[in-house]
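What follows draws every value from the coordinates through simple rules; no lab data is involved. Keep in mind that what you see is a predicted model, and the values were worked out from it rather than measured. Using ideal geometry, Cβ is built from the backbone for each residue, glycine included, and neighbour counts are taken over all protein chains shown.
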Amino acid sequence: MSHSVTLIPGDGIGPEVAAAARRAVDATGVSIDWETVELNADVILKTGHSLPDHVVDSLERTGVGLKGPVTTPVAGGFSSVNVALRKRLDLFANVRPVRSLPGVVTRFQDLKIDMVIFRENTEDLYSGLEHEVVKDVVTSLKVITRAASIRIAEYAFKYANDADRHKVTAIHKANIMKLADGLFLRCCREVAARNPRIEYKEMIVDNASMQLVMRPDTFDLLLLPNLYGDIVSDLAAGLVGGLGIVPGANMGEKHAVFEAVHGSAPDIAGRGIANPTAMMLSSVLMLIHLNERPAAQRLQTAVEKVYAQRQHLTPDVGGTGRTDEFTDAVIAAMN
Ligand code: NAD
């Protein structure tokens, strides 16, 4: 059976890592009918919409996307297309497995790091509701709702049960934001109480940041509102070797869009040295979602094999290989 998948190369290093991931997925033998749609600053400025209709139409049709990063201008310009897409398709759960890979030299290589981050994906300070009250005085609305908090907590605990994981840590700042983070926490507690088999812990986000660096191997599943989830994801990526290797999934009731944690990396775009691992491992999550488990396992095993050999790795993880060379090695490792 063939699957229709919307491929969004994005911009910056997006087209390079998306092409590599596509090649790797095709090499697993699974049949994918790729529908490629352009989404980048040029398209956004040309159409005048931060989320052009052709992108949404394609995802509505296929239900599944593999997406490269898209640049968002800093301190001005158009609003984030990534945030807009998650809200528009109600992709409420951002799931990011952070795992050590064999052969990657990190400061924590003697520890086995295997955590999954569950980031609420539709609200919080990403509501985009900012307002200049008077000149030089700005407010930014942090929106936390019971509905969204319960939904992400239920998603995390369901994952814990299904994947036989043992602990969920809710991360918050409810000592200061007593109402907003307090509501998020009450929802997490409510869902935790219905799942007594899973150990439940709470940690204030500043302490959690330190504990993640000091004792990363003690974390299992992390449950966070949107902003902390975003920041902690990059911190966690740093523990296992950087943004080049951490995949992600944006999950909704009807749609799923798979994308790496990393952004468009303008500092290395166009140089042929971007690490496509995060996009390939996002594709592994996509193949599992498509119920193509043997293909997912083939790709995962091939990536791990190439890492264990250490010969074709890209510069961000200590190698001298190029994007294409790494991709060729992964494809060769499947045979
Ligand atoms: P970034 O993730 O693009 O890059 C951070 C650092 O990590 C850079 O040094 C970069 O070279 C490195 N890096 C990231 N991915 C890599 C890879 N695959 N291989 C090798 N090195 C890699 O973060 P940034 O520089 O803060 O953001 C750049 C742009 O990306 C911004 O416009 C931001 O808004 C956007 N962004 C988009 C998404 C998304 O599309 N989902 C996510 C994050 C950031």
Can you list the HN-Hα couplings for the range 159-175, worked out from phi with the Karplus curve (6.51, -1.76, 1.60; θ = phi - 60°), rounded to whole Hz and with x for Gly and Pro? 4, 4, 5, 5, 9, 6, 9, 10, 9, 10, 10, 8, 10, 7, 9, 6, 6
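Which value in deg cm²/dmol, rounded to the nearest 500, describes the helix-derived mean residue ellipticity at 222 nm for the chain, given -39,500 (n - 2.57) per DSSP H run of n ≥ 4 and division by the residue count? Provide the component values of the computation, followed by the final result.
Working: 11 runs with 136 residues, N = 335.
Taken over the chain, the calculation gives -12500 deg cm²/dmol.
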Pull up all non-local amide H partners of residue 4: gap of 5 or more, or a different chain, and H-to-H distance under 5 Å with H placed in the peptide plane. 33
Rounded to whole Hz and in sequence order, give me ³J(HN,Hα) for the range 48-64 from the Karplus expression 6.51 cos²θ - 1.76 cosθ + 1.60, θ = phi - 60°, writing x for Gly and Pro. x, 10, 6, 9, x, 4, 4, 6, 5, 4, 5, 5, 4, 6, 8, x, 9
On a C-alpha basis, how far is the centre of the range 1-64 from the centre of the range 252-329 in Å? Whole number, if you could? 16 Å
Please work out the C-alpha center-to-center distance from the range 75-91 to the range 180-250 and express it in whole Å. 23 Å
How large is ³J(HN,Hα) for each residue in the range 207-214, as worked out from phi by the Karplus curve 6.51 cos²θ - 1.76 cosθ + 1.60 (θ = phi - 60°), to whole Hz, x for Gly and Pro? 5, 4, 4, 5, 4, 4, 7, 6
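Give the peptides 90-97, 54-61 in descending order of average Cβ contacts within 10 Å, highest first. Write out the running numbers ahead of the final one.
Numbers: 90-97: 21.8, 54-61: 17.1.
Listed from highest to lowest mean packing, they are 90-97, 54-61.
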Considering amide H positions built from the backbone, and no H for Pro or chain starts, which residues 5 or more places from residue 116, or on another chain, come under 5 Å of its amide H? 98, 221, 222
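Taking the Cβ-Cβ separation of residue 112 and residue 23 as r and a Förster radius of 30 Å, what is the calculated FRET efficiency to the nearest 0.05? Walk me through the numbers on the way to the answer.
Details: r = 30 Å, r/R0 = 1.01.
Working from the Cβ atoms, E equals 0.50.
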Tell me the label-point distance for the pair residue 75, residue 60, using the 7 Å Cα-to-Cβ offset, in nm and rounded to one decimal. 3.8 nm
Using only alpha carbon pairs under 8 Å that are at least six residues apart, calculate the relative contact order of the range 106-149 and give it in whole percent. 34 percent
